[in-house]
1. Give, rounded to the nearest 20 debye, the magnitude of the charge dipole that segment 261-349 has about its Cα centre when Lys and Arg contribute +1 at Cβ and Asp and Glu contribute -1 at Cβ.
2. With a 1.4 Å probe and every protein chain kept in, tell me what percent of the accessible surface of the chain is carbon plus sulfur.
3. Taking the solvent-accessible surface of protein heavy atoms with a 1.4 Å probe, what is the per residue accessible area of segment 15-163 in Å²?
4. Probe 1.4 Å, all protein chains in place: accessible area of MET14 in Å², nearest 10?
5. With only Lys, Arg, Asp and Glu charged, each at its Cβ (+1 for the first two, -1 for the last two), find how big the charge dipole of the chain is about the Cα centre; round to the nearest 20 debye.
6. Given N residues in the chain, what is Rg(Cα) / (2.2 N^0.38 Å)?
7. Assuming R0 = 56 Å, can you tell me the calculated FRET efficiency for the pair CYS163 and GLN385, based on Cβ-Cβ distance, to the nearest 0.05?
8. Counting other Cβ atoms within 10 Å, which chymotrypsin sites (Phe, Trp or Tyr not before Pro) in segment 136-216 have at most 10 and lie in a DSSP loop?
Amino acid sequence: MASLSVKPGQRFTMPDWQNNSVLISADAEQQRYNSHHIRQEGRALRNETGNQARWDEHNTRTRLNDRITSVDRWREALARCLTDTDLEIDALTKVKEAAENALQAKNLCLDVAIECLTFRESRRDIDIVRDPVEEELLREVKVIEKTKKELQQRVDEAFKQLCLLKEARQQLNCDHRHKVETLELDRQCVSFNVTSGNISFKVNPTRIPDGTSALREWELNSQCNKDRAEAEMRASVDLRGAITLSIAQTNNELDAQRIATEFALRKRIRDMEGALSELRWQEQNTLEEIAEMEEEIRQLEEDLRKRTLDLKVAHTRLETRTYRPHVELCRDQAQYGLTDEVQQLEGTIRALQQKRTESQDALDALYRQLHRIQTDIGYKTNSLQLDNKCMDTRRKLVIPVEKFEPEVDAVNRTRNLPRNSQLEL
């Protein structure tokens, strides 16, 4: 008969078995409870973090859009300021060129005035006089030099102001360019999303880069650039007005001086023509008087010759009567008459000789005076020609150079003038 084998080892009791089952069930329930709790917490965390992430992304996008709006507003303001600055630079450049042209035109006026003074240096003898024409020409030279100095100062001021405007424009342009780049970057940031292909992790993205500025400093920088450009534009507008006024004033002043000079020159020409007419009249009268005096001297010499012949006759009669014989040689009335006639003729001859000498002296004086008159006529004719040359030269101030053909040009400095140059008065 076979016997039942028994396994060696520990045997659990029923209560142990039951307790083990209860423990396993309790542990399962606890694990399920813990898992459910964790799931609920995970769901809540997912909801919270998801909402927070979407809200943060929305806030970030809103802030980026607001920043884009702010930067774009400044970009538009700087662009308008840049446009205004460019317009002001162009306007100031044109005014500066107008001042330079006016300054260049003054060179022609100065050349003409100096040429007129050089012409008048060719006057001779008594006509080398400090007359009103020379005073007006010297005053005109001073006025031209003063206006040139003033215009040159205005040109220098315009150049400096242009430099300041261009410097302000450069800062504006740099700020505007930076804002354009910033707008492009911020708009690119707005366009990023989770499906973008160029997103990735970066090294220390929350670092503060070197050179980072505060928002207030950023606004002050843009405002300062804009304010400086506007201040330079206001200064440029004031300077343009001053330059325009200076050009008008210098032109008016020079025009007035030119009119005064030409008035004095015309008056001098009229006076010279009057003096020439008077001298020619004196020359004609002197020539007539010389002719009459020469005729008078001829008559005196003729009368002197006749009286000399009469005296010879009287002397011959007296000498012949000395040969009367004896008592016939008496002092009769004929003798007294012949003696008186001889004395009278000798006195007449002496008077005629003295008068002839006086007439010859007067004739010599008339010839000297005629030579003086003719010499003075030559001087004044030369002076009149020089003043007419001055008037002819001054036509350059109102007639284009290519249409001006002077009769005689003794000064080389105005021969090679630029074409199409004309003084605007």
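1. 180
2. Ligands and nucleic acids excluded, carbon and sulfur give 53 percent.
3. 63
4. Rounded to the nearest 10, that gives 110 Å².
5. 2860
6. Here the answer is 2.80, to two decimals.
7. Numbers: r = 52 Å, r/R0 = 0.92.
Working from the Cβ atoms, E equals 0.60.
8. Working: sites: PHE159, PHE192, PHE201; in loops: PHE192, PHE201.
Answer in residue order: PHE201.
The values are calculated or read from the model by the stated rules, or taken from the named source; none is laboratory data. Keep in mind that this is a model prediction, so the values were computed, not measured. Note that we place each Cβ from the backbone using ideal geometry, even for glycine, and neighbour counts take in every protein chain shown. For accessibility, only protein heavy atoms count, side chains too; no ligands or nucleic acids. Shrake-Rupley method; radii C 1.70, N 1.55, O 1.52, S 1.80 Å.
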